1. Does residue 3 satisfy the criteria of being part of a strand (DSSP E or B) and either loosely packed, with under 13 Cβ neighbours inside 10 Å or modelled with pLDDT under 80 (or both)?
2. Just the residues that are within 18 Å of residue 209 (Cβ to Cβ) and in contact (Cβ under 8 Å) with a residue 60 or more places away in the chain, please, taken from region 155-176.
3. Among (1) part of a strand (DSSP E or B); (2) over 28 Å from residue 115 (Cβ atoms); (3) in contact with a helix residue (DSSP H, G or I) (Cβ under 8 Å, 6 or more places away or on another chain); (4) modelled with pLDDT of 95 or more, which single condition is residue 23 missing?
4. Among the numbered conditions (1) part of a strand (DSSP E or B); (2) more than 14 Å from the chain's Cα centre (by Cα); (3) more than 30 Å from residue 60 (Cβ to Cβ), tell me where residue 75 comes up short.
5. Consider residue 82 against the criteria (1) buried (at least 16 other Cβ atoms within 10 Å of the Cβ); (2) more than 15 Å from the chain's Cα centre (by Cα); (3) in a strand (DSSP E or B): it satisfies all of them except one. Which criterion is unmet?
6. Quick one: in region 39-54, which of the residues that are over 15 Å from residue 26 (Cα atoms) and touching a residue at least 12 places away in the same chain (Cβ under 8 Å) is surrounded by the most Cβ atoms within 10 Å (Cβ to Cβ)?
7. Looking at 148, 120, can you tell me which residue is touching a residue at least 60 places away in the same chain (Cβ under 8 Å), touching a strand residue (DSSP E or B) at 6+ places or on another chain (Cβ under 9 Å) and closer than 30 Å to residue 19 by Cα?
8. Could you check region 184-208 and list, in sequence order, the residues that are in a helix (DSSP H, G or I), in contact with a helix residue (DSSP H, G or I) (Cβ under 9 Å, 6 or more places away or on another chain) and without any contact (Cβ under 8 Å) to a residue 60 or more places away in the chain?
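The values are calculated or read from the model by the stated rules, or taken from the named source; none is laboratory data. These numbers were taken from a predicted model, which means no experiment stands behind them. Quick reminder, even Gly has a Cβ in these numbers, built from the backbone with ideal geometry, and neighbours come from all protein chains shown.
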């Protein structure tokens, strides 16, 4: 893949033929960089680093974007600048501007129902309480048939504790695993480009990067 600046318009149809759009959800600003909620941003950044991408703000798309060219098709990396709960404004603008099908989107976001170390592709469905995804569904008039890559940040503390949990920094003890998850998620998202969603689901949905629990030695009984 070769990275280059985003063109301001989509007038050159050949240049945008087969466009895939990867959107990482998160909140802009340094105060949110290390939070669990921003794992979508981190994954998109990781893809960008791999291919030397440079992000630039695009006001009409309400996002920072970078276009990278694969061997088969162009890919747009996107980080909405709307804050998480209004992510749909950016995705709606992208869909309108580039005239792509919803199946050509991959939305990457945190999921508290999955433990840290797990990730999962999903090709449709509800928001599952994720407010960024809720905003996207609302903006698209209730349409739910867009692809998601859910990145586990659980365990879910539940109830009133959930908001504070996703907006808090990943603790140092979890950092090594967190970085592995970001790396693997970036690989998974890159694999989605040019492949059938069912294929990448089969390939990545059983991913579990957690260390297996160590067996506890059995206690010896008397006389052994």
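1. So residue 3 fits the description; yes.
2. Correct list: 170 only.
3. Going through the list (1) part of a strand (DSSP E or B); (2) over 28 Å from residue 115 (Cβ atoms); (3) in contact with a helix residue (DSSP H, G or I) (Cβ under 8 Å, 6 or more places away or on another chain); (4) modelled with pLDDT of 95 or more, residue 23 breaks only (2).
4. (3)
5. So the condition that residue 82 fails would be (3).
6. Let us first name the residues in region 39-54 that are over 15 Å from residue 26 (Cα atoms), namely 47-54.
This time we only want the ones that are touching a residue at least 12 places away in the same chain (Cβ under 8 Å), so: 47-48, 50-54.
Values: 47: 24, 48: 20, 50: 15, 51: 16, 52: 12, 53: 22, 54: 13.
Restricting to residues being over 15 Å from residue 26 (Cα atoms) and touching a residue at least 12 places away in the same chain (Cβ under 8 Å), the top hit is 47.
7. 120
8. If we filter region 184-208 for residues that are in a helix (DSSP H, G or I), which is where we start, we get 184-192, 197-204.
Applying the additional criterion that residues be in contact with a helix residue (DSSP H, G or I) (Cβ under 9 Å, 6 or more places away or on another chain) yields 184-192, 197, 199-200, 203-204.
Within region 184-208, 187, 191, 199, 203 meet the criteria.
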